[in-house]
Amino acid sequence: MYGCHGKLLRVDLSNSKVNEEEIPESMHRKYLGGAGLATRYLWDEVPKGAAPLGPENKLIFMAGSLTGVVAPSTGRFSIVAKSPQTGIWGQANSGGRWGVDFKRCGYDGIIFEGASSKPVYLVVEDNKAELKDASHLWGKNVPETTGLLKDELGEKFNVACIGQAGENLVKYAAVMNDLGRAAGRCGLGAVMGSKNLKAIAVRGSIKTPVSNPEELKVHSKKQYELMDEAMLKMAMQAFGTTVVLDLVSVRGGFPTRNWQSGVFEYSDDINGPAISDNILTKNITCFACPIECGRGTEISKGKYAGHKGEGPEYETVGTFGGMCFINDLEAITMAGYLCNDYGIDTISAGNTIAFAMECYEKGILTDSDTGGIAINFGDPDVIVDLVHLIARREGVGDLLAEGTMRMSQKLGQDSEDFAMHVKGLELPAYDSRAVQMTGLTYATANRGGDHITAYVQGPTFVDAPFLMIEDSEIKDPFVADPSEVKVAVDLEDMLTTFDCVGACKFMGLCLNADDWVKLVNLVTGWDFDTAEYKQAGERVYNLARAFSNREGLTAEGDTLPKRLLEEPLPDGPAEGHVNELSILLDKYYQLRGWDEQTGKPTAEKLRELSLDDIAAEIWS
Amino acid sequence: MEVVVKPYLFLRQVFGVNKVVLDLPEEANVQELLQVLRCDYGMPEKLNVADGQLIFMDGYKPVGLTILVNGYNIKQLQGLYTTLNDGAVISLFPPAAGG
Ligand code: SF4
């Protein structure tokens, strides 16, 4: 077997047992490794109705088939579990180096099952792994935990861990690695916390076997060169992910005041150039990635001066900035640092705070609920204070730690109408009234309200065609055109493969599909052509969907917050627009081969994807 | 009539300013605007009009820039023949991705 070790660790936390297990080769190719393979294990092993924060849920880490090989931007890993935020399939992906260091231990993945009665961490080194007591780490934040483990085990160990947010079961807690990188979405840090698992420290020296190392070297070099020439790389290197802010803003789709507007008049204070001019100290990159979009930053003025860390990313700026109506870059950066330290997803956190601000503005949340804190739009101190409270679940933070969906259910008074989530997952900072197709992809993304499942922002908001699919052109982003729905489906399928092989989707914007599939084949020894490779993505997409269907998801869940469907944008280029989801959704179901009533993939579709056993179960 | 040209990201360094206000004849289109930018304003040399689009060259492969008029990509309007209104905001972007 190439591109993998064919082995995983099974860690029974209830009984403190660690075992090795083989991964059948057929399974590897069928699900492409990474998130795909992990999803198959999830389907097979997590019973319907399992409590996301109970011992029946499993937390599955899986490196990709390309993770750690000589190919650009392929250092990523995925975590899959049933999500405590959405109650359906949950997946989060992260870069940095941890995935590579883990895979060098000689394993492709780890399945954590059960729950430990006391805090533990797992240490993995060349072909061995051991659970250890983590009582001394409990209550510590991410940098402290990482530092203590390095002191204990050695500087060379790389750490993935949760901070206090995961311990306190904040619904959107992240798993952090390499200090500032996050497997952020879906609350998988809370799943880790529920199992009393604090960290995984790894160090290894075992190389992943590669099918054709000579040719891979040559081919891969070509890909690096192509990326080097890409202007896209230059823009991301200079300004990080926040490079897109101006493009989103100019189209009137930068969510402002909890999505009450799409135009943020102070965007120049918090955009990519503002970050470069004011706080950037160095670029940070993931393993083998020439793009270097990460931001090493230091706050040099104001009350947070002297604090250092990583970020903010575009989403952090979008949620804590525009959505909370804050143009204080230092406060946004500080809120982002704190999310990294406590281990919190910034998208959900910023969005939840913005929701609380609107509730406060409307009198739905009162001073007696907030313990006297005035949660006003535009108050930079409030975002920083609230992150502390959320992570510790103190005061009103306990309510906010539940996320917008649960908050709105609790508060009522029509607050559901402006609770900006899909299936419980808070939306990222692109308003789908300004780009119609983003609405469809929020509504149908397997993990809930997410932008990177399809990244249709590429061909719309930011005008970057996605080279890996045949045709990613969206003629007019303001118009909902059913004939363009195929772009969304193709993107979902193709980008799914990225989470499986462990590659970065941003890099995917620079390369073409045939070259890419050739690279995958050179590593793994598979013989995919582009169509078959993409179909493997479709298989995984449908498998994840089927998991969620088994948990009770129906077509009804594929919708958007009322604000996007019924409240027209009041200003900017998209003034007067709502999202016309229904125009696109029928076509989507048709192209997907999903049943319109139940929202399940049809048995026929599943069989076409060689998922006969799944068909038998969800249609029984 | 007056229109505002806003370069973004590193085009700001190329132009040296965040915005250029231009006086144009009524109903001028994007092509005419680019001409004025070129002749009267002295559009930076790295920017060129070719094949019906605005091109940027600087050691990299020449790349087409995105031109938005009042938030609409001119590709969805009439391309370089898109007519401008008084007070129009023309945004120029290099290729970018992220988020
Ligand atoms: S593009 Fe950015 S996020 Fe992706 S691998 Fe490179 S540095 Fe990491």
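Which number in (1) on the phi < 0 side of the Ramachandran plot; (2) open to solvent by less than 50 Å² (accessible area, probe 1.4 Å); (3) at pLDDT below 75 marks the one condition that residue B:61 misses?
With (1) on the phi < 0 side of the Ramachandran plot; (2) open to solvent by less than 50 Å² (accessible area, probe 1.4 Å); (3) at pLDDT below 75 applied to residue B:61, the lone miss is (2).
Working carefully through the options A:313, A:358, find the one that is closer than 26 Å to residue A:185 by Cβ, acidic (Asp, Glu) and more than 16 Å from the ligand (Cβ to nearest atom). Steps first, please.
Working: A:313 fails: more than 16 Å from the ligand (Cβ to nearest atom).
From the options A:313, A:358, the qualifying one is A:358.
How about region A:88-109: which of its residues are of a type in the set (Ser, Thr, Tyr) and within 14 Å of the ligand (Cβ to nearest atom)? Working first, answer last.
Applying the first criterion (of a type in the set (Ser, Thr, Tyr)) to region A:88-109 yields A:94, A:107.
Of everything in region A:88-109, just one residue is of a type in the set (Ser, Thr, Tyr) and within 14 Å of the ligand (Cβ to nearest atom), namely A:94.
Every residue in region A:31-57 that is touching a helix residue (DSSP H, G or I) at 6+ places or on another chain (Cβ under 7 Å) and not in a loop (DSSP other than H, G, I, E, B), please.
Answer for region A:31-57, where residues must be touching a helix residue (DSSP H, G or I) at 6+ places or on another chain (Cβ under 7 Å) and not in a loop (DSSP other than H, G, I, E, B): A:31, A:33, A:34, A:35, A:36, A:37, A:39, A:40, A:42, A:43.
Taking residue A:85 as meeting all but one of (1) within 16 Å of the ligand (Cβ to nearest atom); (2) open to solvent by less than 10 Å² (accessible area, probe 1.4 Å), write down the number of the exception.
For residue A:85, the exception is condition (1).
Is there a residue in region A:46-64 that is within 16 Å of the ligand (Cβ to nearest atom) and at pLDDT 95 or above?
We begin by selecting, within region A:46-64, every residue within 16 Å of the ligand (Cβ to nearest atom); these are A:63-64.
Of the ones still in play, those that are also at pLDDT 95 or above are A:63-64.
Checked against the condition, which is being within 16 Å of the ligand (Cβ to nearest atom) and at pLDDT 95 or above, region A:46-64 yields at least one hit.
Mind telling me which of the residues A:555, A:531, A:574 ends up being crowded, with 18+ Cβ neighbours inside 10 Å and either hydrophobic (A, V, I, L, M, F, W, C) or over 25 Å from residue A:470 (Cα atoms) (or both)? Reasoning before the result, please.
On the way: A:555 fails: crowded, with 18+ Cβ neighbours inside 10 Å; A:531 fails: crowded, with 18+ Cβ neighbours inside 10 Å.
Matching residue, one of A:555, A:531, A:574: A:574.
Which numbered condition in (1) over 20 Å from residue A:503 (Cβ atoms); (2) open to solvent by 10 Å² or more (accessible area, probe 1.4 Å); (3) within 14 Å of chain B (Cβ to nearest Cβ) is the only one that residue A:230 fails?
Against the list (1) over 20 Å from residue A:503 (Cβ atoms); (2) open to solvent by 10 Å² or more (accessible area, probe 1.4 Å); (3) within 14 Å of chain B (Cβ to nearest Cβ), residue A:230 comes up short only on (1).
With (1) at pLDDT 95 or above; (2) open to solvent by less than 30 Å² (accessible area, probe 1.4 Å) as the list, and residue A:460 as the residue in question, which single condition is left unmet?
Going through (1) at pLDDT 95 or above; (2) open to solvent by less than 30 Å² (accessible area, probe 1.4 Å) one by one, residue A:460 breaks only (1).
Exactly one condition in (1) free of Cβ contacts under 8 Å to residues at least 60 places away in the same chain; (2) within 14 Å of the ligand (Cβ to nearest atom) is not met by residue A:509; state its number.
Against the list (1) free of Cβ contacts under 8 Å to residues at least 60 places away in the same chain; (2) within 14 Å of the ligand (Cβ to nearest atom), residue A:509 comes up short only on (1).
When residue A:118 is evaluated against the numbered criteria (1) part of a strand (DSSP E or B); (2) open to solvent by 30 Å² or more (accessible area, probe 1.4 Å), which criterion, by number, is the only one it fails?
(1)
Residues checked against (1) touching a Ser or Thr at 6+ places or on another chain (Cβ under 9 Å); (2) open to solvent by 30 Å² or more (accessible area, probe 1.4 Å); (3) at pLDDT below 85; (4) outside any strand (DSSP E or B):
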position: B:45; (1), (2), (3), (4): no, yes, yes, yes
position: B:55; (1), (2), (3), (4): no, no, yes, no
position: B:75; (1), (2), (3), (4): yes, yes, yes, yes
position: B:87; (1), (2), (3), (4): no, yes, no, yes
position: B:92; (1), (2), (3), (4): yes, no, no, no
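Of the residues that sit in region A:559-571 and are in a loop (DSSP other than H, G, I, E, B) and either of a type in the set (Phe, Trp, Tyr) or open to solvent by 40 Å² or more (accessible area, probe 1.4 Å) (or both), which one is nearest to the other protein chains (Cβ to nearest Cβ)?
Residues of region A:559-571 in a loop (DSSP other than H, G, I, E, B): A:559-561, A:567-571.
If we keep only those that are either of a type in the set (Phe, Trp, Tyr) or open to solvent by 40 Å² or more (accessible area, probe 1.4 Å) (or both) too, we end up with A:559, A:567-568, A:570-571.
Details: A:559: 23, A:567: 19, A:568: 15, A:570: 14, A:571: 11 Å.
The selected residue is A:571.
State yes or no: is residue B:4 open to solvent by 20 Å² or more (accessible area, probe 1.4 Å), in a strand (DSSP E or B) and more than 13 Å from chain A (Cβ to nearest Cβ)?
Values: open to solvent by 20 Å² or more (accessible area, probe 1.4 Å): yes; in a strand (DSSP E or B): yes; more than 13 Å from chain A (Cβ to nearest Cβ): no.
No, not satisfied.
Is it the case, given these coordinates, that residue A:522 is touching a residue at least 60 places away in the same chain (Cβ under 8 Å) and buried (at least 24 other Cβ atoms within 10 Å of the Cβ)? Break it down stepwise before answering.
Working: touching a residue at least 60 places away in the same chain (Cβ under 8 Å): yes; buried (at least 24 other Cβ atoms within 10 Å of the Cβ): yes.
The answer is yes for residue A:522.
Looking at region A:260-275, can you tell me whether even one residue there is acidic (Asp, Glu), within 16 Å of the ligand (Cβ to nearest atom) and more than 9 Å from chain B (Cβ to nearest Cβ)? Break it down into steps so the answer makes sense when it comes.
Step one: list which residues in region A:260-275 are acidic (Asp, Glu), which gives A:265, A:268-269.
With the extra rule that they be within 16 Å of the ligand (Cβ to nearest atom), the set shrinks to none.
Among the residues of region A:260-275, not one is acidic (Asp, Glu), within 16 Å of the ligand (Cβ to nearest atom) and more than 9 Å from chain B (Cβ to nearest Cβ), which makes the answer no.
Could you give every pair whose Cβ atoms fall below 7 Å, whose first residue belongs to region A:2-22 and is at positive phi, and whose second residue is part of a strand (DSSP E or B) and open to solvent by 50 Å² or more (accessible area, probe 1.4 Å), counting only separations of at least 6 or pairs across chains?
Correct list of pairs: A:6/A:22.
Among the helices (runs of 4 or more DSSP H) lying completely within region A:154-248, list those that include at least 1 residues that are within 16 Å of the ligand (Cβ to nearest atom) and touching a Phe, Trp or Tyr at 6+ places or on another chain (Cβ under 8 Å).
Working: elements: A:164-167, A:188-194, A:213-229, A:231-239.
The helices (runs of 4 or more DSSP H) meeting that bar are A:213-229, A:231-239.
The values are calculated or read from the model by the stated rules, or taken from the named source; none is laboratory data. Remember, it's a predicted structure, so these values are computed and weren't measured experimentally. Virtual Cβ from ideal backbone geometry, glycine too; neighbours counted across all protein chains shown. With ligands, DNA and RNA removed, areas are computed over all heavy atoms of the protein, side chains included. Shrake-Rupley method; radii C 1.70, N 1.55, O 1.52, S 1.80 Å.
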